[in-house]
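Novice: Pasting a structure here, questions to come.
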Amino acid sequence: LMANNFVTLHRSDSASWAFARAGAIPDRLSDADRDRLAGDIAFHVERDYPAAVQAYDRFLAQRPASLGGLNNRALFLSALGRHEEALAAFERTMTVDPLLVGPRKIELLNVASELVVLGRRDSARVVARALSGAHAQYMQMLLLNADEKWERLRMAARAVIDDPGASRFAQ
């Protein structure tokens, strides 16, 4: 968890240290957690995306309802350029935990983002309508970029940068 927090903060040296530390005490991890750790190391440290997908396949064989596992595997597929598979995998995350009430913002954002990558901007806009806050701001800028609306993108980005209350995610 510490390593993934460092990844989020873009502190790669600290993330590498924390991943190595977790790997140094494998007996404290379940088989599934070791596979997930191997996938995270392969992706974030070694940049070995096929190995990351394989490790997450093993992890998900043991924990098929792991929302984080499904989402990460989809991200890894996208990094490999396997965008149709990534989209299907992101859409699968929307079916996990059907008792969860309300829209799942990060999953919706990932589906919409992958649709943009695939050139399906109209479909991305439909999905993006369910987003709000920082996720909606990010998606707006992604769509403006895809549409090559540079001046509007510059204005939207400047508004986020100049807003002291804007989330770190949007910034």
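Novice: Quick check on my filter: what residues within the stretch 33-47 are open to solvent by 60 Å² or more (accessible area, probe 1.4 Å) and either within 19 Å of E85 (Cα to Cα) or of a type in the set (S, T, N, Q) (or both)?
Specialist: None; the set is empty.
Novice: What residue, among those in the stretch 140-163 that are of a type in the set (D, E) and either without any contact (Cβ under 8 Å) to a residue 12 or more places away in the chain or open to solvent by 90 Å² or more (accessible area, probe 1.4 Å) (or both), is nearest to N110 (Cα to Cα)?
Specialist: Among residues in the stretch 140-163 that are of a type in the set (D, E) and either without any contact (Cβ under 8 Å) to a residue 12 or more places away in the chain or open to solvent by 90 Å² or more (accessible area, probe 1.4 Å) (or both), the one nearest to N110 (Cα to Cα) is E148.
Novice: Out of the stretch 69-103, which residues are modelled with pLDDT under 95, open to solvent by 20 Å² or more (accessible area, probe 1.4 Å) and closer than 18 Å to R125 by Cα?
Specialist: Once the filter is applied, which keeps residues that are modelled with pLDDT under 95, open to solvent by 20 Å² or more (accessible area, probe 1.4 Å) and closer than 18 Å to R125 by Cα, the stretch 69-103 yields E91, M94, P103.
Novice: Sticking with this one: Looking only at helices (runs of 4 or more DSSP H) that fall completely inside the stretch 32-139, which ones have 3 or more residues that are farther than 30 Å from S14 by Cβ and in contact (Cβ under 8 Å) with a residue 12 or more places away in the chain?
Specialist: Details: elements: 49-62, 67-79, 83-93, 105-117, 121-128.
Qualifying helices (runs of 4 or more DSSP H): 83-93, 105-117, 121-128.
Novice: Tell me, which residue of the stretch 12-32 that is open to solvent by 100 Å² or more (accessible area, probe 1.4 Å) and in contact with a helix residue (DSSP H, G or I) (Cβ under 9 Å, 6 or more places away or on another chain) is farthest from V45 (Cα to Cα)? It would help to see each step written out before you state the result.
Specialist: Step one: of the stretch 12-32, the residues open to solvent by 100 Å² or more (accessible area, probe 1.4 Å) are 13, 17, 21, 27-28.
Filter once more, keeping what is in contact with a helix residue (DSSP H, G or I) (Cβ under 9 Å, 6 or more places away or on another chain): 13, 17, 21, 28.
Details: D13: 9, W17: 10, R21: 13, R28: 21 Å.
The selected residue is R28.
Novice: Among the numbered criteria (1) under 30 Å from D147 (Cβ atoms); (2) at pLDDT below 95; (3) over 14 Å from the mean Cα position of the chain (by Cα), which single criterion is violated by A22?
Specialist: Status for A22: all satisfied but (1).
Novice: Can you tell me which residue among A88, A38 is under 29 Å from A146 (Cα atoms) and of a type in the set (G, A, S)?
Specialist: Details: A38 fails: under 29 Å from A146 (Cα atoms).
So the residue among A88, A38 that is under 29 Å from A146 (Cα atoms) and of a type in the set (G, A, S) is A88.
Novice: On to the next question. If we scan the stretch 48-68, do we find a residue that is open to solvent by 20 Å² or more (accessible area, probe 1.4 Å), closer than 22 Å to M139 by Cβ and not basic (K, R)?
Specialist: Yes, the stretch 48-68 contains a residue that is open to solvent by 20 Å² or more (accessible area, probe 1.4 Å), closer than 22 Å to M139 by Cβ and not basic (K, R).
Novice: Let me ask another. Answer yes if at least one residue in the stretch 38-47 is acidic (D, E) and under 14 Å from the mean Cα position of the chain (by Cα), and no otherwise. Show your work before the answer.
Specialist: Filtering the stretch 38-47 down to residues acidic (D, E) leaves 40, 46.
Restricting the remaining residues to those that are under 14 Å from the mean Cα position of the chain (by Cα) gives 40.
Scanning the stretch 38-47 turns up at least one residue that is acidic (D, E) and under 14 Å from the mean Cα position of the chain (by Cα).
Novice: OK, next. Could you list all residues from the stretch 115-130 that are touching a helix residue (DSSP H, G or I) at 6+ places or on another chain (Cβ under 7 Å) and under 21 Å from G81 (Cα atoms)?
Specialist: First, the residues of the stretch 115-130 that are touching a helix residue (DSSP H, G or I) at 6+ places or on another chain (Cβ under 7 Å): 115-118, 121, 123-125, 127-128, 130.
Of everything in the stretch 115-130, those that are touching a helix residue (DSSP H, G or I) at 6+ places or on another chain (Cβ under 7 Å) and under 21 Å from G81 (Cα atoms) turn out to be L115, V116, V117, L118, R121, S123, A124.
The values are calculated or read from the model by the stated rules, or taken from the named source; none is laboratory data. All of these numbers come straight from a predicted model, not from anything done at the bench. Note that we place each Cβ from the backbone using ideal geometry, even for glycine, and neighbour counts take in every protein chain shown. Note: areas computed on protein heavy atoms with side chains; ligands, DNA, RNA excluded. Shrake-Rupley method; radii C 1.70, N 1.55, O 1.52, S 1.80 Å.
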